[in-house]
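In what follows, a single structure is set out as structure tokens and then discussed.
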Amino acid sequence: MDSSSSRCASRPAPPLLLPLAAPTAPTTLSVAVIAGVKRNRISQMNFDESLNLTYDEDSLTPLVELKKPSVLVPEGCNLYWSSLNVTGPENKPTTFKEKYLTSKPKKVKQILHNVSGIAEAGKLLAIMGSSGAGKTTLLNVLTSRNLKNLDVQGTILMDGHRTNKWKIREVSAFVQQHDMFVGTLTAREHLRFMAKLRMGNQYTLKQKYDRVESVIKQMGLTNCANTPIGIPNSVKGLSCGEMKRLAFASEILTCPKILFCDEPTSGLDAFMAGHVVQALRSLADGGMTIIITIHQPSSQVYGLFHNLCLMACGRTIYLGPVEEAVPLFSRCGFPCPPYYNPADHLIRTLAVIDRDRENSLKNIAKIRDGFLKSSHGQVIAEIGKADRKSTSSYNDDSLFGSDKSFFSQEYAAGYFDQLMALGWRSWLTVIRDPILLKVRLFQVIITGLITGTVYFNTKITPETIISINGIMFNHIRNLNFMLQFPNVPVITAEMPIVLRENANGVYRTSTYFIAKNIAELPQYIVLPFIYNLIVYWMTGLYPAVLPFLFASFVTIMLLNVAISVSYAVATIFGDVAISMTVLPVFVVPIMAFGGFFIAFDTIPVYFGWLSALSYFKYAYEAFAINQWENIPVIPGCLNATSKALTSCPKTGLEVIESIDFSPDNKWFDMVVMFVMIIVLRFISYMALLFRSYKNQ
Ligand SMILES: Nc1ncnc2c1ncn2[C@@H]1O[C@H](COP(=O)(O)OP(=O)(O)OP(=O)(O)O)[C@@H](O)[C@H]1O
């Protein structure tokens with residue numbers, strides 16, 4: 001590994017507490033002492049040498065605090081979990097009542113049983129076990145994620161300190177199983193975006209970009225640094241292995257002490273998997289603490305692990321150096337056949353076979369007993385005792401002196417920097433995603449031309465009044481349906497990425513929301529303007545500059561209300577299918593009260609609220625006033641004497657009144673639409689904030 005690339009930028013963490021290599025005056029403590037249980041050194045712990053902390057016996061605070069250098073070599077930290085017990089509902093809640101109205105599940109089951117362990121600094125620890133063994137649950141507990149419905153008891157310690165979820169998040173990074181990126185960015189752009197947000201203000205932009213280049217080299221991404229990440233079925237991009245390495249690269253930019261990875265090799269072929277795990281091994285060799293869960297590693301990948309944690313039935317069956325696992329199994333009567341992948345052998349031996357359940361459990365118990373008698377087993381047993389003296393549970397946020405909450409989280413980048421970086425990313429997405437801009441532009445131009453051709457140069461006559469009103473109402477309706485519905489999948493597709501980045505403490509929900517709104521605004525000004533430009537002049541609406549500009553303003557406001565509705569629905573319902581089903585339920589009735597299909601005098605009182613919410617009505621009214629207020633005479637109506645034309649409006653103002661609109665409402669309508677935009681965007685922001693909060 002390139003040594004310069006293994007150097008990491010320091011993070012805005014509290015002063016660095018480094019374990020001392022050589023203990024001096026006070027006591028040298030073992031793992032059990034860390035929890036204040038016992039003060040004797042456990043010998044022969046070849047994977048526990050870095051426990052030589054020097055402590056003040058009373059306060060258990062490390063005595064020496066080293067000054068934080070400007071550039072750090074990642075030193076990792078030892079992570080301990082002691083007597084973790086996790087219980088969850090026997091059946092996952094499915095009905096509304098079970099989910100929201102029942103406080104406690106009827107039946108609970110124990111998922112993790114007194115699980116203890118250690119992940120050492122500078123070592124790659126792989127958690128393995130058959131399906132349902134509890135690997136993901138353990139990783140979720142260690143990272144404090146996805147713990148909904150679960151009751152977690154136990155203690156987690158970092159370098160001798162009890163810790164809580166905020167502290168763990170501060171010093172660690174989590175690469176989840178499924179990669180999520182904004183696919184229109186290139187790998188380098190994505191890393192630069194992350195560097196701007198995660199590396200803090202103590203670094204110049206150049207230093208952040210230098211760090212990006214070194215991480216690109218370190219993760220072997222040089223050849224694909226300028227390749228778009230990719231959007232399935234739309235933009236061709238990185239391979240799965242490159243994507244996974246990019247996920248690591250994003251997380252190690254700030255040089256976390258601990259890196260968690262859930263199934264880093266899933267979906268990769270053996271060759272790619274080897275590359276990915278080799279990258280993790282290099283990070284561990286550089287000093288980081290790495291914890292991964294993994295299924296079926298090849299023997300080559302297996303050989304890259306330093307330590308192995310084997311789980312079965314929610315229990316730790318083995319935790320120690322990888323090379324000692326197979327000998328332990330042999331001693332317990334389960335030798336690995338020659339030329340057999342040791343990982344396969346271990347997992348097969350620990351699998352619970354339904355038709356031979358009793359025997360399987362007996363075998364597992366035998367191996368566990370063998371392990372507990374070994375020196376490594378004793379270390380784990382001692383770690384398990386660390387929890388006994390603790391009175392507060394892991395979920396107690398006051399542990400480790402942290403009183404942070406979702407709303408008082410600290411971010412590496414300031415508010416303005418977050419806005420700028422997020423605005424930049426949203427803007428690149430808007431201009432690069434073919435569906436977002438090119439297709440929409442094409443759609444607007446074609447629809448505008450077709451509408452313009454159908455109503456081409458409509459002259460004002462008594463017979464065409466209804467057609468001219470139709471042009472204006474269609475104008476509004478077309479624009480609404482053309483852009484409102486396609487916007488829903490755009491929001492819902494990006495939401496999981498935003499929620500994940502938010503949960504990782506990269507930026508605030510508010511900065512994302514404001515930046516996205518600002519970055520998207522230009523297209524929601526330009527597109528309606530182009531549409532109006534085509535339709536207004538082709539259909540022959542009142543030919544003057546100011547009325548044209550006002551009509552453009554009406555269409556821009558209308559479209560922005562429509563987009564705000566799609567924002568609100570998408571963020572409230574979250575799922576594209578549900579949102580697309582709900583949206584017409586709201587929009588279609590509201591359109592019926594727009595004024596073209598209904599006389600306002602005939603609307604029953606109990607539907608008054610629907611009429612008041614009809615943004616179509618406000619846009620149509622403003623548009624109609626703008627058109628007809630400039631027409632002093634309707635040719636053919638002024639001197640009409642025939643019976644057929646007795647109800648013929650003689651002036652533009654009479655046309656406005658004939659459709660129950662008030663000529664004074666032109667600016668009032670604009671104000672109402674503006675207020676609607678603000679209220680709807682606020683609602684969608686609150687919905688997104690709530691989702692972010694629930695996702696923590
Ligand atoms: N939130 C939850 N509510 C109820 N049961 C749960 C919950 N999370 C996990 N479980 C149960 O806990 C057990 C262990 O699940 P876990 O996902 O940790 O296993 P795993 O070893 O990661 O399996 P796999 O390799 O298949 O992902 C399973 O029986 C699972 O159904």
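The values are calculated or read from the model by the stated rules, or taken from the named source; none is laboratory data. Note that the coordinates shown come from a computational prediction; the quantities given were computed from them, not determined experimentally. Positions of Cβ are backbone-derived with ideal geometry, glycine not excepted, and every protein chain shown enters the neighbour counts.
Structure above, values below:
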quantity: Per-region count, segment 109-144, residues within 9 Å of the ligand (Cβ to nearest atom), farther than 20 Å from G384 by Cβ and among the β-branched types (V, I, T); calculated: 1
quantity: Enumeration of residues in segment 174-183 that are over 11 Å from M243 (Cα atoms) and assigned to a loop (DSSP other than H, G, I, E, B); calculated: Q176, Q177, V182
quantity: Checklist (1) more than 19 Å from the chain's Cα centre (by Cα); (2) among the polar types (S, T, N, Q); (3) farther than 24 Å from A577 by Cα applied to N504, failing item; calculated: (1)
quantity: Residue in segment 604-622 that is in a helix (DSSP H, G or I), at pLDDT 95 or above and either among the β-branched types (V, I, T) or under 18 Å from A687 (Cβ atoms) (or both) present; calculated: no
quantity: Conditions (1) more than 26 Å from the chain's Cα centre (by Cα); (2) assigned to a helix (DSSP H, G or I); number of the one not met by K459; calculated: (2)
quantity: Tally, over segment 241-283, of residues that are among the hydroxyl-bearing types (S, T, Y) and under 18 Å from the mean Cα position of the chain (by Cα); calculated: 1
quantity: Near pairs, Cβ below 6 angstrom, 6+ apart or cross-chain, from segment 121-140 (assigned by TED's automatic domain parsing to the domain that holds S282 and farther than 12 Å from C261 by Cβ) to any residue that is in a helix (DSSP H, G or I) and near the ligand (Cβ under 9 Å from one of its atoms); calculated: G129/K135
quantity: Evaluation of G154 against (1) at positive phi; (2) assigned to a loop (DSSP other than H, G, I, E, B) (one fails), failing number; calculated: (2)
quantity: Complete set of residues in segment 145-183 that are closer than 26 Å to I383 by Cα, within 14 Å of the ligand (Cβ to nearest atom) and under 19 Å from the mean Cα position of the chain (by Cα); calculated: R145, N146, L147
quantity: Subset of segment 645-660 (residues that are at pLDDT 90 or above and crowded, with 18+ Cβ neighbours inside 10 Å); calculated: G652, V655, I656
quantity: Qualifying residue in segment 184-192 (condition: within 16 Å of the ligand (Cβ to nearest atom), part of a loop (DSSP other than H, G, I, E, B) and either buried (at least 20 other Cβ atoms within 10 Å of the Cβ) or in the same structural domain as K257 (by TED's automatic domain parsing) (or both)); calculated: no
quantity: One residue from F248, F271 being outside any loop (DSSP other than H, G, I, E, B), over 19 Å from Q177 (Cβ atoms), in the same structural domain as Q177 (by TED's automatic domain parsing) and of a type in the set (A, V, I, L, M, F, W, C); calculated: F271
quantity: Selection status of F305, assigned by TED's automatic domain parsing to the domain that holds V379, out of contact with any Gly (no Cβ under 6 Å at 6 or more places or on another chain), aromatic (F, W, Y) and modelled with pLDDT of 95 or more; calculated: yes
